[in-house]
Ligand SMILES: NC(=O)c1ccc[n+]([C@@H]2O[C@H](COP(=O)([O-])OP(=O)(O)OC[C@H]3O[C@@H](n4cnc5c(N)ncnc54)[C@H](OP(=O)(O)O)[C@@H]3O)[C@@H](O)[C@H]2O)c1
């Protein structure tokens, strides 16, 4: 059986990813603060095993135990392939430094960066002796590579996630049963996150009109299209350990 653990599975790219994975022989574990009842229903109707775990992933002190519980609920002998997709993320605070709320800066770093690091740490510890295919995916952003006015926290978390992916990918090349790590930059997608971006004040985010234009001109990709390309990559045998991939390579 193929196991997929997907964070931020309630909407956007996470939901679209789960929708593509509703297939026989797949076991899906979805994590978010809110349950997507439609996904649960669809899985039930198609006879796919899907479990929804309610968790606030910005509460980093719960993460290690959560990963332990999830992995201990799986029989190693049952696993042909296992994928952990760190997709949950937040774009707030969209504010220049000096104006951001401390609590939002902290929450963003916990959710976007610290949680995927702790997930990886515990996943690698527990699955060290698992001989099956093991893949850890970190959803990145173009904001990791260029400064954007107002996105200092978001861009920093994604740049950190890219470097973490590269570093652990390097380390895993020396493991007896390596896990393959990759980061995937999905480009601009038509999700709730883009709605939040468009609602920002110009003084907090000087490029807000550019993003309104993307939306008006229909330039945002559908999360379903992006999920399809990402899954095509991770299910293949062509992944380079520690590499940061970009959706543009697949269109
Ligand atoms: N949309 C874009 O244009 C774009 C561009 C580049 C990169 N990305 C990245 O792509 C990924 C998915 O983004 P999206 O556009 O699909 O965003 P979205 O529509 O806002 O969905 C975010 C997902 O993360 C979950 N989430 C948020 N805070 C959480 C928390 N504290 N605990 C647990 N889950 C939490 C949400 O679930 P709940 O609210 O139910 O908890 C939801 O399922 C993110 O990592 C984002 O940074 C997006």
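Does residue 153 fit the bill of being closer than 28 Å to residue 191 by Cβ and either in a loop (DSSP other than H, G, I, E, B) or free of Cβ contacts under 8 Å to residues at least 60 places away in the same chain (or both)? Steps first, please.
Values: closer than 28 Å to residue 191 by Cβ: yes; either in a loop (DSSP other than H, G, I, E, B) or free of Cβ contacts under 8 Å to residues at least 60 places away in the same chain (or both): no.
For residue 153, the condition - closer than 28 Å to residue 191 by Cβ and either in a loop (DSSP other than H, G, I, E, B) or free of Cβ contacts under 8 Å to residues at least 60 places away in the same chain (or both) - is not met.
What pairs come out if I take residues in the range 214-228 that are within 16 Å of residue 186 (Cα to Cα) and pair them with residues that are assigned to a strand (DSSP E or B) whose C-beta lies under 8 Å away, six or more apart or interchain?
Qualifying pairs under 8 Å: 220/189; 221/189; 222/189; 223/189; 226/189.
Among the residues of the range 48-78, write down those that are crowded, with 17+ Cβ neighbours inside 10 Å, under 19 Å from the mean Cα position of the chain (by Cα) and under 15 Å from residue 26 (Cα atoms).
Listed by number, the residues that qualify are 50, 52.
Taking the range 109-161 only, how many residues are within 11 Å of the ligand (Cβ to nearest atom) and more than 20 Å from residue 244 (Cβ to Cβ)? Walk me through it before giving the result.
First, pick out the residues of the range 109-161 that are within 11 Å of the ligand (Cβ to nearest atom): 110-113, 115-116, 137-144, 151, 154-155, 157-158, 161.
This time we only want the ones that are more than 20 Å from residue 244 (Cβ to Cβ), so: 110.
Total meeting the criteria: 1.
What number goes with the only condition from (1) in contact with a strand residue (DSSP E or B) (Cβ under 8 Å, 6 or more places away or on another chain); (2) at pLDDT 95 or above; (3) away from the ligand (no atom under 16 Å from the Cβ) that residue 55 does not pass?
(3)
Might you let me know whether the range 62-85 holds any residue that is touching a strand residue (DSSP E or B) at 6+ places or on another chain (Cβ under 8 Å) and farther than 25 Å from residue 233 by Cα?
Among the residues of the range 62-85, at least one is touching a strand residue (DSSP E or B) at 6+ places or on another chain (Cβ under 8 Å) and farther than 25 Å from residue 233 by Cα, which makes the answer yes.
Filter the range 79-128 down to the residues that are within 17 Å of the chain's Cα centre (by Cα), farther than 30 Å from residue 25 by Cβ and not in a helix (DSSP H, G or I) and list them by number.
Passing the criteria: 90, 91, 92.
So which residues in the range 1-39 are near the ligand (Cβ under 7 Å from one of its atoms) and either crowded, with 20+ Cβ neighbours inside 10 Å or more than 11 Å from residue 55 (Cβ to Cβ) (or both), if there are any at all? First the steps, then the outcome.
Kept after step one, since they are near the ligand (Cβ under 7 Å from one of its atoms), are these residues of the range 1-39: 7-15, 31-34.
Correct list: 7, 8, 9, 10, 11, 12, 13, 14, 15, 31, 32.
Within the range 11-47, track down each residue that is more than 15 Å from the chain's Cα centre (by Cα), without any contact (Cβ under 8 Å) to a residue 60 or more places away in the chain and in a helix (DSSP H, G or I).
37, 38, 39, 40, 41, 42, 43, 44, 45
Conditions: (1) touching a strand residue (DSSP E or B) at 6+ places or on another chain (Cβ under 7 Å); (2) within 10 Å of the ligand (Cβ to nearest atom). Residue 197 meets all but one. Number of the miss?
Among (1) touching a strand residue (DSSP E or B) at 6+ places or on another chain (Cβ under 7 Å); (2) within 10 Å of the ligand (Cβ to nearest atom), residue 197 violates only (1).
The values are calculated or read from the model by the stated rules, or taken from the named source; none is laboratory data. A quick note: this is a predicted structure, and the numbers were derived from the prediction, not measured. Note that we place each Cβ from the backbone using ideal geometry, even for glycine, and neighbour counts take in every protein chain shown.
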